[in-house]
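Presented below is the structure to which this report refers.
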Amino acid sequence: MKQPVKQHLIDPEICIRCHSCEAACPIGAIEHNGNNVVVKAEACNFCMACIPVCPTGSIDEWRVVETPYTLDEQYGWTELPAQATLASGADEDAPEALDSAVAELLADAHKGAGGKAKAPASASKPSVNLYPMGKPAQATVQGNYRLTGENADADVRLIILDFGAQRFPVLEGQSLGIIPPGLDKDGKPHLPRLYSVSSPRDGERPNYNNVSLTVKRAPGGVCSNYVCDLKKGDKVDVTGPFGATFLLPEDPKARLLMICTGTGSAPFRAFTMRRQREGLRGGGDMTLFFGARTPDSLPYFGPLNKVPSRILRKHMVFSRIPGVPKEYVQDRMLVEAEDVAEMLADPNLHIYICGLRGMEEGVEKAFVNIAESTGTPWATLRDAMRGEGRYHVETY
Ligand code: NAP
């Protein structure tokens, strides 16, 4: 009988094809085709370098197998196969199936703020990867509007894409990929770049088959410059939709605590618009901590200010107003510690963090501080919330 082995796999339903794992793998054990991102069983040495960089937790999948799944099998999956019952009787959770060094590394990787994500129990079922890299949808640009002030150093834009007769269903919190035209430095077609959808499921304009994105021009950025320069009527190759966990709960009692920096606000615009269009039915309120350099460079500053505070409590903080001390979202969370503590104690609370990877550490520290003042260790609360699909992180 073959000795069972642990195989590292990627969940194709949850993976958002950002390829961070592939870039992080020091031995080239991760690769992709137009459909999926996969792990070479014979090459993977369980170094775990790919685990913390994955924004969705889709990388964190393991099966105990007698014969490892081949790359061709993995490329063909639309969902991950369940753990098979093995002739040897070993099961996925059996400690003997896991090398102890691997078990230790895994436990360490899971300690971080990201961890293995789970969708809210009441979220709608998302469609995933309907248009893979090899067969993208073609969208037409309907609009391209600057969101930041003329004098702001950041050029952030609202891009509206129309899918015409093609079905491209999205849920708030999902992302899509844009394939910039041309070839990369190795002469290969560019990989898609991912952007969160910033419109609700029924469209930027209700009942139109369109979506919006919030994109910041990055100096030298291949895709961001391509997207920010798009003109009305241009055609764009789009992959996706992606993401099956960073989703809005449908439960109207669910309270949302949303923490973001810069263009990480994109999904929260979608959440807010969805809730506004639905009407406030069940008492679930929304609180936003939003960090930007200046009011001028904060996307949606004007429209956000118009959302009544009974719908959305807003804490907009700024790091580079001349003559004013730098303030980050985590600083304001501490100022509002009493309110945050009250929310943390509520089993209806869902936490969402989106934006710069660097913010995670500071936000974690703020939560440790606030949660401990209530007598509950943050790590315990966070892990329980994550397990219940109430704690979500998407940082790059
Ligand atoms: P940014 O303008 O560079 O930064 C926004 C604010 O965050 C600034 O005030 C900045 O302060 C502050 N900040 C910097 N380091 C921080 C830290 N350690 N803790 C807390 N705040 C910190 O942001 P951006 O360029 O828009 O970047 C947003 C991020 O969101 C990117 O990583 C992007 O990939 C990601 N994202 C984008 C989308 C999308 O759809 N476009 C979706 C999801 C996530 P200072 O600069 O003054 O230090």
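Charge dipole (Cα centre; +1 on Lys/Arg Cβ, -1 on Asp/Glu Cβ; no other charges) of the chain amounts to roughly 1660 debye. FRET efficiency for the GLN166 to VAL324 pair, using the beta carbon distance and R₀ = 51 Å, is estimated at 0.60. Pairs from the table (LYS326/LYS365; LYS118/LYS326; LYS135/LYS185) lying more than 24 angstrom apart at Cα are LYS118/LYS326. The trypsin sites (Lys or Arg not before Pro) of segment 1-32 meeting both criteria, a DSSP state outside H, G, I, E and B (loop) and at most 12 other C-beta atoms within 10 angstrom of the site's C-beta, are LYS2. Dipole magnitude for segment 255-395: about 660 debye, using +1 per Lys or Arg Cβ and -1 per Asp or Glu Cβ, origin at the Cα centre.
Residue-normalised convex hull volume from the C-alpha trace of segment 2-47: 95 Å³ per residue.
Using the Cβ-Cβ distance between ALA384 and ASP153 with R0 set to 56 Å, the FRET efficiency works out to roughly 0.85.
The calculated P(r) of segment 137-242, using every Cα pair and 10 Å bins from 0, goes 15, 49, 29, 6, 0 in percent. Spacing of the modelled spin labels on GLU361 and GLU42, each 7 Å from Cα toward Cβ, amounts to 4.0 nm. By the count of neighbouring beta-carbon atoms within 10 Å, fewest first, ILE321, ILE179, ILE160, ILE14 end up ordered ILE321, ILE179, ILE160, ILE14.
In this simple spin-label approximation, ALA345 and ARG310 carry label points 7 Å from Cα along the Cα→Cβ vector, and these lie 2.5 nm apart.
GNM remark for the chain: springs join alpha carbons under 10 Å apart, and the peak mean-square fluctuation among ALA41, ALA84, ALA218 falls on ALA84. As a ratio to 2.2 N^0.38 Å, the alpha-carbon radius of gyration computed for segment 255-395 takes the value 1.01. Here the relative contact order of segment 137-242, from alpha carbon pairs under 8 Å that lie six or more residues apart, stands at 37 percent. Normalising the average separation of contacting C-alpha pairs (under 8 angstrom, six or more residues apart) by the number of residues puts the relative contact order of segment 241-394 at 28 percent. With K and R counted +1 and D and E -1, the other residues having a Cβ less than 14 Å from that of PRO308 yield a net charge of +4. Counted over the chain, the DSSP beta bridges are approximately 60% antiparallel.
Can you find, among SER127, LEU312, TYR328, the residue farthest towards the positive end of the dipole of the chain? Put +1 on the C-beta of Lys and Arg, -1 on that of Asp and Glu. The Cα lying farthest towards the positive end belongs to LEU312.
Taken along the Cα-to-beta-carbon direction at a fixed 7 Å, the label points for ALA84 and ARG205 span 5.2 nm. Toward the positive end of the charge dipole of the chain, with +1 on the Cβ of Lys and Arg and -1 on the Cβ of Asp and Glu, the farthest Cα among VAL236, CYS54, ALA371 is that of VAL236. In order along segment 195-205, the Karplus-derived 3J(HN,Hα) couplings, from 6.51 cos²θ - 1.76 cosθ + 1.60 at θ = phi - 60°, round to 9, 6, 6, 10, 10, x, 4, 8, x, 4, 10 Hz, and Gly and Pro are given as x.
Here the Kirkwood formula puts the hydrodynamic radius of the chain at 22.0 Å, using every distinct Cα pair. Computing FRET efficiency as 1/(1 + (r/R0)^6) for GLN276 and ASN33, where r is the C-beta to C-beta distance and R0 is 51 Å, gives about 0.80.
Loop-located GluC sites (Glu not before Pro) in segment 342-396 (DSSP state not H, G, I, E or B) with no more than 14 neighbouring Cβ atoms inside 10 Å: GLU388.
Each reported figure results from applying straightforward, stated rules to the coordinates on display, with no laboratory input. Everything quoted here is computed from the prediction, not taken from an experiment. Every residue, glycine among them, receives a Cβ derived from its backbone with ideal geometry; neighbour counts consider all protein chains shown.
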